[in-house]
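Encoded as structure tokens, the structure appears first; notes follow it.
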């Protein structure tokens with residue numbers, strides 16, 4: 001199989017990622033640096049409508065609701081993605097993502113500003129979250145089905161860094177002297193729409209994926225013949241590769257064989273997962289791993305970083321710059337950790353990252369209470385190191401490794417929904433808990449991280465060396481061998497986790 005993609009393939013994969021991940025990450029943190037500006041906008045809305053000044057409690061509720069609506073929309077989008085992929089092509093799904101992104105930018109920017117309506121700002125965040133939920137599911141799938149298997153990790157690796165750079169850009173653009181002032185904030189919330197407009201203009205020249213075209217040809221019984229030289233799927237694969245004809249032909253046949261093998265596997269339903277002990281344990285393990293990322297308090301940190309620095313004693317006009325530096329550090333650590341991940345595996349990296357994160361959160365809690373500005377900065381840097389080198393980089397990969405092929409699609413989809421449900425809750429509750437107990441809020445996450453470390457350490461086996469050798473089985477085979485294998489997660493025996501030829505879900509990130 002060729003290791004080389006054509007320049008056209010490189011453009012398609014990189015452009016698909018940048019056009020979705022960077023602007024969505026930018027929008028996710030956009031309200032963080034302009035918190036005071038949005039509060040003033042809400043006050044102007046109150047005065048325009050009722051000739052009264054908004055009280056602090058109402059302003060906090062509206063801003064917090066706007067922040068959390070992004071995660072609520074992501075929850076709905078993640079739920080809907082499973083069905084949109086069934087009824088629409090990969091490219092059409094991406095068109096939907098960009099269309100919704102444009103709509104959200106229009107609502108959050110000119111409509112909210114000129115109509116003096118914070119409700120449309122909230123609605124725009126909700127729609128942007130919906131686009132986020134679908135986009136974070138579809139883009140990794142497009143990358144996996146467009147690049148060669150040998151270069152899959154290389155082309156998926158920049159995803160996390162792209163999102164971190166998008167978050168850094170959002171904070172830099174939100175600086176008061178850039179777009180964070182009272183009359184320029186609509187440009188901050190609307191600028192990300194440029195990426196979506198660019199994609200929609202170029203979409204006629206962007207392809208479907210070879211895998212999707214082969215599936216459609218299979219449905220129409222076109223590929224029953226060996227003479228596939230004239231099939232659109234084969235022509236597209238040749239365009240995406242730089243190898244010779246025979247190498248491309250071999251890859252094409254491998255893709256067809258993989259699709260055929262996958263179609264023969266009986267996928268487990270949620271009912272079968274919960275009623276089969278062995279699958280139930282795998283599902284719970286995957287759920288804990290997804291929760292371990294949210295247990296780090298990632299939503300509580302990235303959505304309110306400016307407030308964290310300010311509460312530690314750093315002036316507001318400097319907090320945004322520190323926040324931008326925080327995301328740049330996360331991007332650099334993700335780049336540096338990728339080769340280390342290949343050596344130590346997802347489980348060890350996750351455990352290491354969680355332990356470092358727990359120390360960082362405890363340090364942050366103490367620094368905020370003691371008003372130690374430099375202590376808070378050091379804690380945030382340590383936090384960035386722990387999260388970026390461990391759970392952020394590994395949670396989707398590790399969850400894929402410990403689930404068999406039979407339950408993986410349903411299990412990861414369900415875990416993704418639970419992930420966004422927790423993210424929505426954390427993003428809404430955090431400002432109120434901070435007001436209530438201050439820096440001690442982050443000790444709650446320390447406790448959750450400790451529980452995650454204990455479970456992953458003692459209940460989940462290291463699969464980095466064995467997963468490639470483990471055979472696939474169907475739900476019927478699992479039921480018949482349940483007594484022998486049901487303790488696969490908790491026993492000392494080599495656990496069954498299913499084949500892992502490649503990890504299409506590795507970068508389904510949802511910061």
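The values are calculated or read from the model by the stated rules, or taken from the named source; none is laboratory data. Since the model is a prediction, treat every value here as computed from it, not as a measurement. For neighbour counting, all protein chains shown are included, and Cβ atoms are generated from backbone atoms with ideal geometry for every residue, glycine included.
When 167, 233 are checked against the criterion of being closer than 30 Å to residue 405 by Cβ and part of a helix (DSSP H, G or I), 233 stands alone in meeting it. For segment 129-154, give me the residue count where each residue is touching a strand residue (DSSP E or B) at 6+ places or on another chain (Cβ under 9 Å) and in a helix (DSSP H, G or I). The number of residues fulfilling the criteria is 2.
Being touching a helix residue (DSSP H, G or I) at 6+ places or on another chain (Cβ under 8 Å), buried (at least 21 other Cβ atoms within 10 Å of the Cβ), at pLDDT below 85 and closer than 22 Å to residue 445 by Cα: is that true of residue 309 here? Yes, satisfied.
A quick yes/no check of all residues on (1) buried (at least 23 other Cβ atoms within 10 Å of the Cβ); (2) in the same structural domain as residue 435 (by TED's automatic domain parsing); (3) in contact with a helix residue (DSSP H, G or I) (Cβ under 6 Å, 6 or more places away or on another chain):
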| position | (1), (2), (3) |
| --- | --- |
| 14 | no, no, no |
| 52 | no, no, yes |
| 76 | no, no, yes |
| 81 | yes, no, yes |
| 84 | no, no, yes |
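Based on what the data block shows, is residue 344 under 24 Å from residue 413 (Cβ atoms) and outside the structural domain of residue 180 (by TED's automatic domain parsing)? No. Of the candidates 8, 46, 83, the single residue that is under 30 Å from residue 205 (Cβ atoms), without any contact (Cβ under 8 Å) to a residue 24 or more places away in the chain and assigned to a helix (DSSP H, G or I) is 83. Answer yes if at least one residue in segment 102-123 is farther than 29 Å from residue 48 by Cα, in the same structural domain as residue 22 (by TED's automatic domain parsing) and assigned to a helix (DSSP H, G or I), and no otherwise. The answer is no; no qualifying residue exists. Considering (1) outside any helix (DSSP H, G or I); (2) assigned by TED's automatic domain parsing to the domain that holds residue 446, the lone condition that residue 308 does not fulfil carries the number (1).
When 313, 353 are checked against the criterion of being outside any helix (DSSP H, G or I) and assigned by TED's automatic domain parsing to the domain that holds residue 391, a single residue qualifies: 313. Candidates are the residues of segment 182-222 that are in a loop (DSSP other than H, G, I, E, B) and in contact (Cβ under 8 Å) with a residue 24 or more places away in the chain; the one that is farthest from the chain's Cα centre (by Cα) is 182. The sole residue among 400, 376, 404 that is more than 27 Å from residue 135 (Cα to Cα) and crowded, with 23+ Cβ neighbours inside 10 Å is 376.
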